[in-house]
1. Go through Gly150, Gly170, Gly179 for me and flag whichever is crowded, with 17+ Cβ neighbours inside 10 Å and at pLDDT below 90.
2. Could you give me the residue pairs with C-beta distances under 6 Å whose first residue belongs to the stretch 240-255 and is among the β-branched types (Val, Ile, Thr), whose second residue is in a loop (DSSP other than H, G, I, E, B) wherever it lies, and which are 6+ apart or on separate chains?
3. Restricting to the stretch 39-66, name every residue that is over 15 Å from Asn84 (Cα atoms) and without any contact (Cβ under 8 Å) to a residue 40 or more places away in the chain.
4. Does Ala120 satisfy the condition of being surrounded by fewer than 23 Cβ atoms within 10 Å (Cβ to Cβ) and either in contact with a Cys (Cβ under 6 Å, 6 or more places away or on another chain) or not polar (S, T, N, Q) (or both)?
5. Restricting to the stretch 18-27, name every residue that is part of a strand (DSSP E or B) and either within 16 Å of Arg101 (Cα to Cα) or among the charged types (D, E, K, R) (or both).
6. Could you check the stretch 274-292 and list, in sequence order, the residues that are in a loop (DSSP other than H, G, I, E, B) and either assigned by TED's automatic domain parsing to the domain that holds Glu13 or surrounded by 15 or more Cβ atoms within 10 Å (Cβ to Cβ) (or both)?
7. Limited to the stretch 14-31, what total is found for residues that are under 19 Å from Thr81 (Cα atoms) and in contact (Cβ under 8 Å) with a residue 24 or more places away in the chain?
8. Consider Glu205 against the criteria (1) within 24 Å of Pro262 (Cβ to Cβ); (2) among the charged types (D, E, K, R); (3) in contact (Cβ under 8 Å) with a residue 24 or more places away in the chain: it satisfies all of them except one. Which criterion is unmet?
Amino acid sequence: MRLGIDLGGTKIEAAIIDSNGDIIWRKRQKTSKTSYDETLSSMAELVADARQDTGYQGAIGVGIPGSMRRSDQTIQGASLTYLNNRDLRADLTDILATDIRIENDANCFALSEAVDGAAAGCDIVFGIILGTGCGSGLVINGRPVTGVNGIAGEIGHNPLPWPITDEYLGHDCWCGNDGCIETFISGTAVSKDYFDRTGVDMPVEDIAARSGIDLVAESVFQVLEDRLARTLAMIINTIDPDAIVLGGGLSNLERLYQNVHPKWRRLVFSKDIDTRLLKPKHGDSSGVRGAAWLWPDA
């Protein structure tokens, strides 16, 4: 058995998977919006319940919305800002009295889909989560690639490749820079694009439902597909993955799997392009499953 914890902005999910990757125990709690100590307590409660219900006493993998610095093991870039500059692994190790591995949540997503998901059997897998923001991760030979700075595979805060004239303005990012990829290909970006054109504030799901009857909605998604194709073409040119797996709310749009890869052909520096664009097998469960798979030899 393996125990994983997915620490997200709204929920903390813990799950135990067996050797086949099947979830045999799962429980959730709400995530504290403001308190690091409350979050530690919630995670400890979930682990205590898992141990009581299943007898599990092994190591734990944790996925977080940020990354861990190699230099001092503290957290950086977390959307749950109270995690930043904390030594989360040391604190959890003390509380839970077991070995802890921590990884970015997008890396956990990519790992889950690489081990026994949509990209099972692939050597190089790139996972990209298209939700409120844009997170991404890289897995090679069944292991997440973290990098010396803890940010390997993260593309959301790079500039959009091959920009056109009207894409240079109006894309301020929360990170402090302008023109980050996240401001172009996230669900938030789709809603903003529709609002800029119509003055109507509408959730991305409703915009998608209107794309067949609303010319503006259709145009917004065609632009999204073009921007996503440019982004993924850059990834193929850089790391040449066997598969790219989409996650997050936008991954439910079937049109992306039909329309994006034909658009990247003119931009990929290869005559033959065998990279596959895949829908996730495990969906929302990939985060917690990938956290559990951080211990491959459990």
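1. On the way: Gly170 fails: crowded, with 17+ Cβ neighbours inside 10 Å; Gly179 fails: at pLDDT below 90.
Going through Gly150, Gly170, Gly179 in turn, just one is crowded, with 17+ Cβ neighbours inside 10 Å and at pLDDT below 90: Gly150.
2. Every condition considered, the pairs that remain are Val245/Ala118; Val245/Ala119; Val245/Pro280.
3. So in the stretch 39-66, the residues over 15 Å from Asn84 (Cα atoms) come out as 41-62.
Matches in the stretch 39-66: Ser41, Ser42, Glu45, Ala48, Asp49, Arg51, Gln52, Asp53, Gly55.
4. Values: surrounded by fewer than 23 Cβ atoms within 10 Å (Cβ to Cβ): yes; either in contact with a Cys (Cβ under 6 Å, 6 or more places away or on another chain) or not polar (S, T, N, Q) (or both): yes.
Yes: the conditions hold for Ala120.
5. Step one: list which residues in the stretch 18-27 are part of a strand (DSSP E or B), which gives 23-27.
Listed by number, the residues that qualify are Arg26, Lys27.
6. The answer is Thr275, Lys279, Pro280, Lys281, His282.
7. Residues of the stretch 14-31 under 19 Å from Thr81 (Cα atoms): 29-31.
Add one more test, that the residue is in contact (Cβ under 8 Å) with a residue 24 or more places away in the chain, and what stays is 31.
Count: 1.
8. (1)
The values are calculated or read from the model by the stated rules, or taken from the named source; none is laboratory data. Being a predicted model, the structure only gives us computed values, none of them experimental. Cβ sites come from the backbone with ideal geometry, for glycine too, and all protein chains shown count toward neighbours.
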